[in-house]
1. So what J values fall out for region 104-111 if you push phi through Karplus, 6.51 cos²θ - 1.76 cosθ + 1.60 with θ = phi - 60°, rounded to Hz, Gly and Pro as x?
2. With a/c under 1.5 counting as rounded, go ahead and sort region 265-319 into rounded, prolate or oblate using the C-alpha gyration tensor (a ≥ b ≥ c being the square roots of the eigenvalues; past the cut-off, prolate if a/b is larger than b/c, else oblate).
3. Quick check: pseudo-label points 7 Å beyond the Cα along Cα→Cβ at T298 and R77, how many nm apart are they?
4. Using only Cα atoms, tell me the angle between helix 280-295 and the longest principal axis of the chain; keep it within 0 to 90° and round to the nearest 10.
5. Hey, what do the phi angles of region 134-150 turn into as Karplus ³J(HN,Hα) couplings, whole Hz, using 6.51/-1.76/1.60 and θ = phi - 60°, x for Gly and Pro?
6. Non-local amide H neighbours of S316 (under 5 Å, H modeled in plane, Pro and chain starts lacking H): which ones?
7. Can you give the % of DSSP beta bridges in the chain that are antiparallel, to the nearest 5?
8. Just to make sure I understand: if all protein chains stay in place, what is the order of D87, D199 by accessible area at 1.4 Å, largest first?
Amino acid sequence: MHPSTVSRALHRADLPLRPETRRRVLAAVERLGYRPSAIARGLRLQRTHALGMLVPDITNPFFPPIIRGVEEAARDRGYELVLCNTDDSPERETASLRLLREHQADGLLIATSRMADATVAGLRRERFPFVLVNRGSRVPADLAVEVDNERAAEAVIAHLAGLGHRRIAHIAGPLSTTTGAERAAGYREAMKARGLPMDASLLEEADAYAEPSGHAACSRLLRAAPTAIFAANDLLALGALRAVREAHLRVPQDVSLVGVNDIPLAELIDPPLTTIRVPQREMGRLAANMLIAVLEKTPIAYRHVVLDTTLVIRGSTGAPSRGTLSVA
C-alpha cells in the first residue's frame, strides 16, 4: 500500500478515500501497533505542537499553579509542554533555550524576570514566538500576561495605614526584575500619597526571592524600628517572620507582616499570613492561549494582559502596639 494512502487514512479524513481502503489501513495499524512519528511529522509540517517554558525556580511554590494552568490550556488545544528550570542564571537560561530550539518547540513561555534580558532580545530579532509570564516589558509589541504590581502594593499600604501604621518598611525583590521594581515603586507612591515617612532605612533590596534573603533583609530593617513590613513575596515574608522571632518580637503585636502571592503555606503558618492573592493558574492559561493563537495565526484581543490581585487579610497584621519597638 502506498505511503500516501496510509497518510490520508490516518491524518486526512477530509480527503477522498474508499471506505474499504480506510478500514484496511486502520486494521493494519491496530494489528502492528503502529504509532505515527511526531518528530517526523513535525519536520514535515514545521510544527511539533510542543511549547517550551522557562521558569527561574521550580522549587518556588508560586510557579507550579502557573505551570498547571499552561498545561491545561495547552493540552486542551493539542499541545504539550516542555519545562526548563533556569535557576535564574543567564547561562542556564541560554542552555535551556538552545535545548528547546533544538527540539523544535513551536514557541516559548518565559517566566524568568530580569528586565535586561538578552534571551528576549534575541527572540525578538529572530521573530520567534514568545509570551512573557508574570512580567512586563518596555517593548509594546511583546506579548505579556502579568499582574498590576503597583496596585497590589497600594492595597497593602492602604491596609497597613488604615490599621494605624506609619513606619512601614519594604523588603523589595531584586530591583533588576520587573516584579521587584514595580512593587517597590508602588510602595513608594503609596507611602508618599499618605505623607508617611519613607527614609532609606525603611527599604531593603533582597538579593533573591527566597526565604534566606528575606531573613537577611529583615534583620537589617529591624534596626529602623518599623511597626509593619511589606515583603515583595511570601517567601521573603517567611524569612522576615523568622528574623522577627529571632529578635524576640511578635507578629502582629510588635510587627505586622504582609507578603505577595498567597502560596499554599501562607494560611498554614502561625500566624496565618496576610498577603496579596495572585491568579496564578489563570495567568498560565491566558499565556498559553495567547501563544497558541500566535502559532495558529488567530486574532489576539490584547497583547498585554494585566490581571487584578486580591488582598487576603489574615492574622499577621494588626494595629501597632502603643509601645516603642526596640531591637537588641
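1. 6, 4, 6, x, 10, 10, 10, 9
2. Values: a/c = 8.02, a/b = 3.18, b/c = 2.52.
In terms of gyration-tensor shape, prolate.
3. 0.7
4. It works out to around 40 degrees.
5. 6, 7, x, 8, 7, 9, x, 6, 5, 7, 8, 10, 8, 10, 7, 5, 5
6. The answer is T274.
7. Details: 4 of 37 bridges.
For the chain, the DSSP antiparallel bridge percentage is about 10.
8. Working: D87 85, D199 65 Å².
Descending accessible area places them as D87, D199.
The values are calculated or read from the model by the stated rules, or taken from the named source; none is laboratory data. This is a predicted model, so every value here is computed, not measured. For neighbour counting, all protein chains shown are included, and Cβ atoms are generated from backbone atoms with ideal geometry for every residue, glycine included. The accessibility values were calculated without ligands, DNA or RNA, using every heavy atom of the protein model including side chains. Shrake-Rupley method; radii C 1.70, N 1.55, O 1.52, S 1.80 Å.
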